[in-house]
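Visitor: Sharing a structure with you now.
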């Protein structure tokens, strides 16, 4: 009994400390200024002379995870782009399967096997820093790929999709499609991820300009169609009227659509533009409404091009920013491939570079 | 008057108390939930809840048999994922492939289950570790087979029919769950297989000496578990469509919690599919209640863990009092 | 009467895993040229430190015929907690370390107490505790948080004359464990309990105390492992401990310690840990596709458990 009491005391003390501990935020992801700053950083020229190498290049890819379609396509795009550059002799790929300890070991193994550059998307940005420092100290070029901009000495460059503009494109077109009126819900990605943080911040910012619109609930669907559907079913029970759903991720939008459909309330719903997920574009083609904002899939290929530029001493900017575009429903519908599965993206990849 | 008659009466009461326990908990929980939010008293909400629980419920029916046998099947999550992926790929969007896809999924599940059963029965190894290892292998195979993106397209009508409601009220998936439970109850009480499972679980050595084909029954039990997991994968596919290669991830925790709640503990020999069904309902109402009450997702994990511990302890306490034997 | 053959010299009883390790190393040297560089070997040793400590802790529990499935999440909890506290109280590194180790030991003790009081199978109790701990982690944070103290980072990543610092820690833990498990009265009693709980109870051994101590050690080792992970990652990542309990159990079983308990070999466990570290390293160096690596990992688990057959216990005196 005494031991149980001690445990409980210890736990409460720790919890007390924990809640009072301050969390250092490097960049405030909810402010537009952060993204303007990032764009400024990105456009600065990069001194590539110290990385110049002669001879064949070996590119290492440390994937934090390979378990979703977007990431898979990015990985394949990297392989394809590398095949277009004769200087690149070999591409070595490792997968950490959401395990940051494994990612650290993966990068160490890549360093051991000799690479000139490491392209990566981290399981966790902070957890990968110690091993990135090792890579940087050995003179290896490190390039971060994806939606998060890493501003650290250990990261040589970023191939980046500007989340703020991306979310802004979705939100403004969404508000327009509702004529600036109505009760809306938000379906966001994994809670705590930078994507979720920025999408909510942008939505709230845009909604300030539309006083007749109200955000009645934000849900975290984890980029999971089934979870989005389940959460939407619960929302439909709680709220008798939902006019619109803000969901930039097409995969989750499909779950929302199905929930409304099965509840017989599809007429109420206006969905925000989604992305270029094939399941979503098929839906757009079928319904004839609700457009898309491209998701920046070219970012993998840009990363490879950037790596080559740096390693051959060519002039380039500190980061490559891949633009996103809003597509009207008619244009978005063109992106769909009816004979391909939902979990797919339309790309220019030749057949041998498509997944499996 | 000797103590024998009263202890005899006590021994009679306690097993029925054990079986009734989970149903009592269910009613109490439902009342509590209703106090928290009157949505719980709406038929639509409840049927939707049960519909969400269908994949786990169906898989749990199969796992019940394995646990009655003092085993465990932790590969259900991976098998559910695999069956959903296989079904979608075989269906390939064509209406003619509908039943082929369903059969393929069930067959895959049964095959993995049989593999589990063979290794456990003849290798005499820990079911826990083996099925965990198998779940990794199955997950890896699915990833290899699909290249990491979910393939396949569901046949037209599959999703619509299964997600529909009969008479606008009763979801088809709920009927599927009830049918699975009915089959499970039939298996456990009306077939020799079912009776053997109970006997072996209660006392493996005695069963072996009595000449029961323990190894064969073990293999069949695991195959049954895999089969139901395959069906659970179909239910999941109907609800979620083709959207990922690992939709069943983490399901084994929920399934295990439901089975243990329902009275079938790791000790084996006691419990059954009826209890499992009640356990599934209790689990989902509890988790939904946590959601409605605004508890963070993290709390759900803790609740699941506490449920597993508390339910196991309670059921085995009742079991000890009923039969007078000491644990371990 | 001794319940196990303790008198045979060590080299005659070299655990089988070492033959597999030697074979693997030879194959690796031939197949991958960078394999046998000093820096690669140092990497492997450094990468294996966490698993070594965790597996040794698990050995205490398995030797007694029990199992501890909560250690993975306990590692995660300590990683997150220690980083949060390190960042909040940068000048109090040592007290934070002591506090975290203490908490880990307490959790282990709690496991042992619950098993004793509730008379539950360790399998279920620690399985439920796994969920409970995971929930606790996520109630603290849902993303990486905190910053590891420099000294802890040095412990995990630093090198002294090319040798990983963590190796010294692992060696110290291994030596203490060896004497505790294989050369002390406590160890004999623990193994006796693993061999036959009933006979041990009748012989007058205090099973409840043995259980408590075994789980306390397992928890403590998880705490040490948690600090190592914190140093390695530099931050508290909530999912850092996922699946580690299975890795630890596989390492113990591969090292020749049967799951049923009654025998234990610390040397064997270290060999198994090395084997797994070399295997992972080679899979990466040889560019084995990611998904194939997953299947290999699962197959190793199954093979390890199949190789752990009851027949080998027939060595008992």
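Visitor: What full-extension length gain, to one decimal in nm, is calculated for residue C:165 and residue C:203 as 0.36 nm per residue of separation minus the Cα-Cα distance?
Guide: Here the segment from residue C:165 to residue C:203 would lengthen by 9.3 nm.
Visitor: Return the average number of partner chain Cβ atoms within 10 angstrom of each residue Cβ along peptide C:139-150.
Guide: 5
Visitor: Report the calculated FRET efficiency for residue B:94 and residue A:286 (r = Cβ-Cβ distance, R0 = 22 Å), to the nearest 0.05.
Guide: Calculated value: 0.75.
Visitor: Can you put B:284, C:154 in order of Cβ neighbours within 10 angstrom, beginning with the fewest?
Guide: Result, fewest neighbours first: C:154, B:284.
Visitor: Give me the extension gain from residue A:40 to residue A:261: residue separation times 0.36 nm, minus the current Cα-Cα distance, reported in nm with one decimal.
Guide: Roughly 75.1 nm would be gained on extension.
Visitor: Under a plain spin-label model, where a point goes 7 Å from the Cα along Cα-to-Cβ, how far apart in nm are residue C:27 and residue B:292?
Guide: 5.6
Visitor: How much of the DSSP bridge set in chain A is antiparallel, in percent, rounded to the nearest 5?
Guide: Antiparallel bridges: around 10 percent, rounded to the nearest 5.
Visitor: Expressed as an acute angle from 0 to 90° and rounded to the nearest 10, what is the orientation of the C-alpha long axis of helix A:278-287 relative to the principal long axis of chain A?
Guide: Value to nearest ten degrees: 30.
Visitor: May I pose another question? What percent does the relative contact order of region B:13-327 come to when contacts are Cα pairs within less than 8 Å and at least six residues apart?
Guide: Computed value for region B:13-327: 34 percent relative contact order.
Visitor: Can I ask one more? Work out how much length residue A:190 to residue A:49 would gain on full extension: take 0.36 nm times their residue separation and subtract the Cα-Cα distance, in nm to one decimal.
Guide: Values: separation 141, 0.36 × 141 = 50.76 nm, distance 3.96 nm.
Gain in length upon complete extension: 46.8 nm.
Visitor: Between residue B:37 and residue A:346, what is the FRET efficiency for a Förster distance of 56 Å, r being their Cβ-Cβ separation, to the nearest 0.05?
Guide: The value I calculate is 0.80.
Visitor: What order do you get for C:70-76, A:184-190, B:171-177 when each peptide is scored by the mean count of other beta carbon atoms within 10 Å, highest first? Provide the component values of the computation, followed by the final result.
Guide: On the way: C:70-76: 30.9, A:184-190: 23.0, B:171-177: 20.9.
Put in order of decreasing packing, that is C:70-76, A:184-190, B:171-177.
Visitor: Say R0 is 51 Å: what FRET efficiency, to the nearest 0.05, do residue B:206 and residue C:14 get from their beta-carbon distance?
Guide: Details: r = 41 Å, r/R0 = 0.80.
For R0 = 51 Å, the calculated efficiency reads 0.80.
Visitor: Quickly rank B:300-306, C:25-31 as a protection proxy: mean count of other C-beta atoms within 10 Å, highest first.
Guide: Highest to lowest by the protection proxy: B:300-306, C:25-31.
Visitor: With springs only between Cα atoms under 10 Å apart, run a GNM on chain B and tell me which of B:236, B:49, B:256 wobbles the most.
Guide: Largest GNM mean-square fluctuation: B:49.
Visitor: In addition: When C:85, B:261, B:199 are ordered from fewest to most other Cβ atoms inside 10 Å of their Cβ, what list results?
Guide: Least to most surrounded, the residues fall as B:199, C:85, B:261.
Visitor: Relative to the longest principal Cα axis of chain B, at what angle does helix B:214-240 sit, 0 to 90 degrees, rounded to 10?
Guide: So the helix axis and the longest Cα principal axis differ by about 40 degrees.
Visitor: Given only helices, namely DSSP H runs of n ≥ 4 each adding -39500 (n - 2.57), what is the per-residue ellipticity at 222 nm of the protein assembly as shown, to the nearest 500 deg cm²/dmol?
Guide: Only helices count here, giving -21000 deg cm²/dmol.
Visitor: Next question, about the same structure. Could you tell me how far the Cα centroid of region C:100-117 sits from the Cα centroid of region C:162-206, in Å?
Guide: Spelled out, the Cα-based centre of one part sits 18 Å from the other.
Visitor: Per residue of A:89-99, what is the mean number of Cβ atoms on other protein chains within 10 angstrom of that residue's Cβ?
Guide: Values: counts 0, 1, 1, 3, 4, 6, 8, 1, 10, 2, 6.
Per residue, the average neighbour count from other chains is 4.
Visitor: Also, I was wondering about something else. How would you rank B:315, A:136, A:85, going from fewest to most other Cβ atoms within 10 Å of each one's own Cβ? Kindly include the intermediate steps, with their values, before the conclusion.
Guide: Working: B:315 24, A:136 18, A:85 15.
So the residues, fewest neighbours to most, are A:85, A:136, B:315.
Visitor: Quick one: work out the % antiparallel among DSSP beta bridges in the protein assembly as shown, nearest 5.
Guide: Values: 10 of 47 bridges.
In the protein assembly as shown, DSSP labels about 20 percent of beta bridges as antiparallel.
Visitor: Separate question: Between region A:246-318 and region A:118-162, how many Å separate their Cα centres?
Guide: Here the answer is 24 Å between Cα centres.
Visitor: A further question follows. Quickly work out the residue A:89-to-residue C:185 label distance, labels modelled 7 Å from Cα along the C-beta direction, and quote it in nm with one decimal.
Guide: 6.5
Visitor: I've got another one for you. Shielding by partners for B:118-126, please: the mean number of other protein chain Cβ atoms within 10 Å of each residue's Cβ.
Guide: Numbers: counts 0, 3, 1, 0, 1, 6, 5, 10, 8.
Mean shielding by partner chains, rounded to a whole number: 4.
Visitor: Related question: Tell me the label-point distance for the pair residue B:161, residue A:176, using the 7 Å Cα-to-Cβ offset, in nm and rounded to one decimal.
Guide: 4.4
Visitor: Taking the Cα atoms only, what angle lies between the long axis of helix B:251-261 and the longest principal axis of chain B, rounded to 10 degrees?
Guide: For B:251-261 against chain B, the angle is about 30 degrees.
Since every read-out is calculated from the coordinates, none of them should be taken as a lab result. No experiment lies behind these values; they were computed from the predicted model shown. Ideal geometry is used to build each Cβ from the backbone, glycine not excepted, and the neighbour counts take in all protein chains shown.
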